[in-house]
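Peer 1: Shown below is the structure under consideration.
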Amino acid sequence: MKSGKTLFLLLLLPFLSQAQSDLLIKASGDSLTGKIDILLPNDYFEEIIFKKDGKKNRYKAHQFLGFVKKGVTYKTIKMQNKYRIMQEIQSGYLGLYAFRAGNSYDFGPRYLHKNTNEGIEVPNLTFKKVVSSFLEDCPTVESKVMDRTYKASNIEELVTAYNDCLGTSPHVIVDDKKKKKKPVKQTKELTLIYSITEKLQAAGASDELSTLLEDITEKIENGDKVPGYLKGALKEETARYTGIQADIDTLLEYLK
């Protein structure tokens, strides 16, 4: 199965040659053309309004892969405690994005994001330490961060060099014990999620729901607390599936 980022790029290619309207690519892979308005973010979610033929529909960030508005590409990326809309500056295995801090509309702070869904906010004071650690699988780039050849001021050059490094030369696979998964213990939460997943698949549920359940499962398996934005999104997305509401309520109780 193609990653969300790869699927987004494949769907985007034919649109770029004849871009007139805005383009929205939903989490299911379906594409829509119309007019997109980006709404102000809040503490829990970010969303857009999609307009076409006099109709308006709201989409939260977890409901789409990304969109193109006035020739600028935006993508949905999970950062910290919520799904965010980020403006693409550079694409590649390592992408550079701008996001919105707090409740600001302006896309300012920078974010580095890998195809593996790992990402970091580009810091100023701790740039050398944080970025060198994040890019340690390319020793050449890592060393240039350490000797300050690459800094926040030339971050785009760094991104290009890192992608070239991974694309044209062997790179070190770092033995990071923190990233090794421990054997997963079956829990009541996971058992219930598997049951819910089977019921949703039988009901022909959307890819958005599958993505949410996968994210929640990953949090549980890693021993992490499931954040409120995921629980809220799950409750909202499953509201129309009346046959599983008791299971959803029980799961949310387990996750408190």
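Peer 1: Run the quick spin-label model on ASN42 and THR160: label points 7 Å from Cα toward the beta carbon, then report their separation in nm to one decimal.
Peer 2: Spacing of the two 7 Å Cα→Cβ label points: 4.2 nm.
Peer 1: Using DSSP to define loop residues, name the trypsin sites (Lys or Arg not before Pro) in segment 46-92 whose beta-carbon has at most 16 other beta-carbon atoms within 10 Å.
Peer 2: Here the sparse-neighbourhood loop sites are LYS70.
Peer 1: Treat every Asp and Glu Cβ in segment 4-121 as -1 and every Lys and Arg Cβ as +1, leave all other atoms uncharged, and give the resulting dipole magnitude about the Cα centre to the nearest 20 debye.
Peer 2: 220 debye
Peer 1: Follow-up. Assign unit charges at the C-beta atoms only (+1 for Lys and Arg, -1 for Asp and Glu), then state the dipole size of segment 43-102 relative to its Cα centre in Debye, rounded to the nearest 20.
Peer 2: Roughly 260 debye for segment 43-102.
Peer 1: Per 0.36 nm of contour for each residue apart, how much would the distance between LYS129 and ALA203 grow if the chain were fully extended, relative to their Cα-Cα spacing?
Peer 2: Full extension from LYS129 to ALA203 adds 21.8 nm.
Peer 1: Right, next: Under 5 Å between amide hydrogens, which residues at least 5 positions from THR73 or on another chain qualify, with H placed 1.01 Å from N in the peptide plane?
Peer 2: GLU88
Peer 1: State the dimensionless ratio Rg/Rh of segment 4-121 (Rg: radius of gyration of Cα atoms; Rh: Kirkwood radius).
Peer 2: Using Cα coordinates only, the ratio equals 0.93.
No value in this document is a laboratory result; all are computed from the given coordinates. Since this is a predicted model, take the numbers as computed values, not measurements. Heads up, the Cβs are rebuilt from the backbone with ideal geometry, glycines too, and the neighbour counts pull from every protein chain shown.
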